[in-house]
Amino acid sequence: DRLAVVVLLNRGSTDTARIARRVAGVYVPELAPRPEKPIEDQDPKTTSLLRECIEGTPDWRLAQDRFTSDMWQVLETQKAEIQAQVKALGPLQDLQLLSRGGSDGARTFRYRAVFTHGRVIMALTLDRDGRIAGLQNSNED
């Protein structure tokens with residue numbers, strides 16, 4: 001398996017190791033990154049909250065009281081971009097819990113959101129009152 005992968009980029013913020021593993025995995029499948037395995041969902045209420053938010057995004061059917069005021073302001077300023085991203089992914093097919101944690105009263109959850117046209121890792125943070133204080137997404141490796 002004499003394989004070397006060199007990644008040259010002109011962006012400093014890109015994860016070159018991730019790109020190299022994916023390229024190597026094309027030639028040697030054992031080298032491909034393995035998807036994170038879901039864990040047992042012991043809080044289906046939170047998963048339902050996230051599902052409701054994702055499914056309500058294309059038509060902007062989001063309940064403002066489910067979010068902290070700071071988070072709602074962020075969403076409002078990025079509304080068009082967020083809607084376009086979710087619409088491009090197509091309907092939500094599945095939500096898989098990958099991790100959960102918390103500190104200082106805040107709870108954090110990481111999910112794999114499986115859509116018709118892609119997969120996204122979503123990080124959800126709830127405040128002490130159960131309102132959404134953070135919501136971020138990133139591409140899955």
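Amide H contacts of residue 98 (H built 1.01 Å from N, in plane; Pro and chain starts excluded): 39, 110, 111, 112 sit under 5 Å, all sequence-distant by 5 or more or on other chains. Please enumerate, by chain and number, the lysines with C-alpha under 30 Å from the C-alpha of residue 37, excluding those fewer than 8 residues away in the same chain. In chain and number order, the partners are 45, 87.
Across segment 83-136, the mean sequence separation of Cα contacts (distance under 8 Å, 6 or more residues apart), normalised by length, yields a relative contact order of 28 percent.
Between residue 68 and residue 108, what length comes free when the chain is fully extended (0.36 nm per residue of separation minus the Cα-Cα distance, one decimal in nm)?
Numbers: separation 40, 0.36 × 40 = 14.40 nm, distance 1.47 nm.
That works out to 12.9 nm of additional length.
The relative contact order of the chain comes to 18 percent, based on Cα pairs under 8 Å that sit 6 or more residues apart.
If one computes P(r) from the Cα atoms of the chain, what percent of pairs lie at distances over 18 Å?
Every Cα pair in the chain considered, those over 18 Å come to 63 percent.
When you restrict to C-alpha pairs under 8 Å that are six or more residues apart and normalise by the size of segment 49-127, the relative contact order lands at 23 percent. Placing unit charges on the Cβ atoms only, positive for Lys and Arg and negative for Asp and Glu, gives segment 48-89 a dipole magnitude near 120 debye about its Cα centre.
Excluding ligands, DNA and RNA, what is the solvent-accessible area per residue of the chain at a probe of 1.4 Å, expressed in Å²? Please list the in-between numbers first.
Values: 9340 Å² over 141 residues.
The answer is 66 Å² per residue.
Within the assembled protein chains, the solvent-accessible surface assigned to residue 52 is about 80 Å², based on a 1.4 Å probe.
Can you pull the percent of the chain's accessible area that's carbon plus sulfur, 1.4 Å probe, other chains left in place?
47
Between residue 76 and residue 129, what is 0.36 nm times their sequence separation minus the Cα-Cα distance? Round to one decimal in nm.
17.0 nm
GNM remark for the chain: springs join alpha carbons under 10 Å apart, and the peak mean-square fluctuation among 17, 84, 32 falls on 17.
In debye, nearest 20: dipole of segment 1-45 around its Cα centre with unit charges on the Cβ of K, R (+) and D, E (-)? Intermediate results must be reported in sequence, preceding the final value.
Details: 8 positive and 7 negative charges, 58 e Å.
That gives segment 1-45 a dipole magnitude of about 280 debye.
The values are calculated or read from the model by the stated rules, or taken from the named source; none is laboratory data. Everything quoted here is computed from the prediction, not taken from an experiment. In this analysis, Cβ positions are derived from the backbone assuming ideal geometry, glycine residues included, and neighbour counts consider all displayed protein chains. Only protein heavy atoms, including side chains, enter the accessible area calculation; ligands, DNA and RNA are left aside. Shrake-Rupley method; radii C 1.70, N 1.55, O 1.52, S 1.80 Å.
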